[in-house]
1. Taking 0.36 nm per residue of sequence separation and subtracting the Cα-Cα distance, how much length would be gained by fully extending the chain between Gln361 and Arg288, in nm to one decimal?
2. Order of 256-263, 316-323 by packing, highest average Cβ count within 10 Å first?
3. Obtain the nm distance between the two label points defined at Asp189 and Lys118 by a simple spin-label model: each point lies 7 Å from its Cα along the Cα-to-C-beta direction.
4. Quick query: amide H of Glu35 versus all other amide H atoms, modeled in the peptide plane; which residues come in under 5 Å with a sequence gap of 5 or more or a different chain?
5. Taking 0.36 nm per residue of sequence separation and subtracting the Cα-Cα distance, how much length would be gained by fully extending the chain between Thr2 and Lys325, in nm to one decimal?
6. Highest first, please rank the peptides 191-199, 345-353, 427-435, 302-310 by the mean number of other Cβ atoms sitting within 10 Å of their residues.
7. Pop out the ³J(HN,Hα) list for region 419-431 in order, Karplus 6.51 cos²θ - 1.76 cosθ + 1.60 with θ = phi - 60°, rounded to Hz; leave Gly and Pro as x.
8. Quick one: which residues, 5+ away or cross-chain, put their amide H under 5 Å from the amide H of Asp399? H built at 1.01 Å from N.
Amino acid sequence: MTAPKKLFIKTYGCQMNVYDSERMAEALGGKGYVETKSADDADMILLNTCHIREKAAEKVYSELGRFKGLKAEKPDLKIGVAGCVAQAEGEEIMRRQPLVDLVVGPQSYHRLPEMEEKTQTGEKALDTDFPEEDKFEKLKRRPKAKRGPTAFLTVQEGCDKFCAFCVVPYTRGTEVSRPADRILTEARDLVERGVREITLLGQNVNAYHGGMTLAQLIWELDKVDGLERIRFTTSHPNDMQDDLIEAHGTCAKLMPYLHLPVQAGSDKILKRMNRSHTAESYLRVIERIRAARPDILISGDFIVGFPEETEEDFQATLDLIKEVKYGTAYSFKYSTRPGTPAAERPQVDPEEADDRLRRLQALLNQQQREVQDSMVGREVGVLFEKPGRFDGQMVGKSDYLHAVHVADCSKKAGDLARVRIVSSGTNSLAGELID
Ligand code: SAH
Ligand code: SF4
Ligand code: F3S
């Protein structure tokens with residue numbers, strides 16, 4: 001028997017890329033590849049890339065440059081670029097970096113096995129189609145490999161919203177939902193492999209419409225024995241349907257955490273961003289969710305320095321943040337993306353944008369701190385994931401997605417337990433088991 005070939009995958013960007021990387025590894029598993037944690041001993045290197053901001057895309061080229069030495073030592077080494085940069089730049093990648101053998105977009109990676117074969121004959125392989133067939137159906141699952149306690153599951157992909165700053169509708173294509181029965185089969189399979197918590201993924205996950213609404217899908221998942229926790233991300237404020245809001249109050253397996261990006265607090269900017277909601281309508285959605293589930297932890301995304309954003313517009317974002325009080329948030333300086341409508345508009349002075357980002361993050365960090373500290377003294381559910389840094393310690397995530405560690409812990413990975421929070425550290429909480 002020949003030794004298995006080794007595959008090194010590096011994943012950038014969002015959780016959907018994490019999920020896609022797993023599926024790509026499985027697809028190449030069928031060609032005799034096993035995963036390795038080091039690029040140095042790989043027979044194939046795949047970068048699963050992100051195009052959302054300029055820096056993310058540039059990182060790919062600098063990373064590729066670093067593989068020059070490796071390829072010189074090992075001429076049979078194959079180098080591939082997958083994900084959103086692959087989709088956006090296509091052949092340009094091979095022109096700019098001739099050591100690349102393979103370029104595959106997010107909608108065509110089920111064709112990786114044939115593409116890999118092509119590279120073995122010394123040819124280059126490129127596929128950035130948006131094919132009709134369902135890639136997930138074409139991909140074979142690895143036979144019964146064990147899994148950790150948490151998993152991602154893509155249920156919806158692509159976006160039709162066309163926010164003026166965003167590349168996702170171009171790199172991922174139009175909105176497509178996977179049929180509910182296939183998702184449920186995949187979920188049951190994950191649970192059989194040891195998964196206890198599933199995070200449903202979609203660029204606009206709450207626009208899900210695979211024969212039912214996202215809330216209905218959650219209720220179907222609620223019936224799966226052995227599945228203890230359900231999460232979903234990322235949602236759009238305009239797709240927050242009544243039944244989904246209600247499920248937050250009534251479905252015990254649905255965790256009290258909601259990532260609901262708003263991007264900005266000024267209606268003028270929201271309009272120019274083509275977000276099709278106002279600050280007020282966003283706040284009303286938050287109000288309704290909190291009425292259904294008062295303790296829910298709200299998370300958000302923000303962009304500062306969007307073209308023509310004034311200090312007054314920026315203040316409106318700070319005001320909105322103060323009103324919502326976020327448990328966690330992701331904030332970015334606007335990054336010009338070629339081909340998007342906002343790229344053509346008058347840009348904000350970069351130093352001014354840096355300053356706004358600093359001020360915004362100071363406020364968000366303060367809120368995050370307060371929300372985390374407010375957990376002290378409370379009882380929460382914790383799903384343990386792995387041993388901690390110290391002997392006997394276990395770490396996991398609370399219902400609210402805070403990292404929690406417990407000393408002298410009798411639980412193992414995959415156990416769910418009630419924990420009393422005793423102190424709040426820099427990035428995590430300390431707790432003790434109840435009973
Ligand atoms: N579908 C999700 C998020 C997709 S991208 C949604 O609609 O909210 C993740 C985040 O990246 C966005 O929420 C936004 O805050 C940020 N982002 C997207 N394009 C950006 C750009 N051109 N510059 C800076 N941040 C950007
Ligand atoms: Fe991008 Fe807007 Fe679609 Fe989110 S909703 S993926 S920010 S275009
Ligand atoms: Fe990035 Fe593509 Fe995800 S651009 S954020 S990897 S959808």
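1. 23.7 nm
2. Listed from highest to lowest mean packing, they are 256-263, 316-323.
3. 2.6
4. Sorted by chain and number, the residues that satisfy this are Leu7.
5. The Thr2-Lys325 span can extend by a further 110.5 nm.
6. Ranking, from highest mean packing down: 302-310, 191-199, 427-435, 345-353.
7. 9, 9, 7, 10, 7, 10, x, 4, 10, 7, 10, 9, x
8. Gly381
The values are calculated or read from the model by the stated rules, or taken from the named source; none is laboratory data. Worth saying up front: this structure is predicted, and the values here are computed from it rather than measured. Here Cβ is always computed from backbone atoms with ideal geometry, including for glycine, and neighbour counts include all displayed protein chains. Just the protein is used for accessible areas: all its heavy atoms, side chains included, with ligands, DNA and RNA removed. Shrake-Rupley method; radii C 1.70, N 1.55, O 1.52, S 1.80 Å.
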